[in-house]
Amino acid sequence: MNNSIHRGSLEMVAAMLISGTIGWLVLVSGQSVLDVVFWRCVFGAATLLVVCALLGFLRPGVLTRETFILAVLSGVAIVGNWVLLFASYSRASISIGTAVYNVQPFMLVGLAAFFLGEKITAQKLFWLSVSFGGMLAIVSAHGEQGQGGDNYLAGIALALGAALLYAFAALIVKRLNGTPPHLIALIQVCTGVLFLAPMANLSSLPQQAEAWASLVTLGVVHTGVMYVLLYGAIQRLPTALTGALSFIYPIAAIFVDWLAFNHQLSSLQWLGVGAILLAAAGMQQGWGISSFRRVAVR
């Protein structure tokens, strides 16, 4: 393993482990979802502003009017995605919300087919079916082991909405090739600040030091630092390795949910989570029937 891939792998692992603790900070902050996302955007914007300034991305001419508008639109989708995903944690748990959120690759495939005319292959349909089966297993588990019935289903719906908004954001960002990703992230969180400011509860700020520590950490570490690590890794790693390491995130989130809140999944939920993650991995890695046949032959 050369130094570039080794460094990229460490950056990707660190970024995914950081992402896996987001749900824990959201819940321990004790703040409303809108306030959590607002302050994440505020502290994230401050961090990314420094990063972009140091990297020289704030000079005139880096953005055109079209790329700026697209970045703002992607920011609206990303911020909406955070709001829905964070809202799902208190209803369906961090584990389930994160697992359901991982259907986003399939939503992106559907949107790309609808808007860009990209072909949906039999291989993609197979993995979509596996993912859908996992979703059915998770949904049918509501009411088991203390799951909150309608509240649980609402959490799943919120996570699905978050995945759809992320897919929209990814589709928009595809048109921003050549634009520095750190600058795109800065525009996204600045959009979040402006978008959420009228709805944030600024008249009654958090009083506990723990709440502020959670909000600052979400903005500085889980947004600013995490984006820097993630984009550094993406630039250094092959796409297949990036996709493989990205599954550290949901696995870490499940363990954090268990350690911090003692949320244990039922057998049916584990089956659903496993099916969704397997399908997402198969989609990203390009696995097909022929791949399994080659493994069987060996």
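Just so you know, all these numbers are worked out from the coordinates, no wet-lab data involved. Predicted model, so just to flag it, every value in this text is computed and none were measured. Cβ: placed from backbone, ideal geometry, glycine included. Neighbour counts: every protein chain shown.
Structural remarks
- Full extension of the chain between Val139 and Ala240 gives 33.3 nm of extra length, using 0.36 nm per residue less the Cα-Cα distance.
- Residues Ser204 and Glu118, FRET efficiency given R0 of 51 Å [Cβ-Cβ distance, rounded to 0.05]: 0.60
- Each residue, Leu278 and Ser266, gets one label point 7 Å from its Cα in the Cβ direction; the gap between the two is 2.0 nm.
- Taking the charge dipole of the chain about its Cα centre, with +1 at Lys and Arg Cβ atoms and -1 at Asp and Glu Cβ atoms, the residue from Ser4, Phe132, Gly272 reaching farthest to the positive side is Ser4.
- Each residue, Leu125 and Ala213, gets one label point 7 Å from its Cα in the Cβ direction; the gap between the two is 5.4 nm.
- Gap separating the Cα centres of the range 104-135 and the range 1-48, nearest whole Å: 27
- The structure-derived value of Rg and Dmax of the Cα atoms in Å appears in the list [x] 19.7, 56; [y] 19.1, 60; [z] 19.3, 66 under the label [z].
- Full extension of the chain between Val28 and Ile5 yields a length gain of 4.8 nm, computed as 0.36 nm times the residue separation minus the alpha carbon distance.
- Taking 0.36 nm per residue of separation and subtracting the Cα-Cα distance, full extension of the segment from Phe247 to Gln285 would add 12.5 nm.
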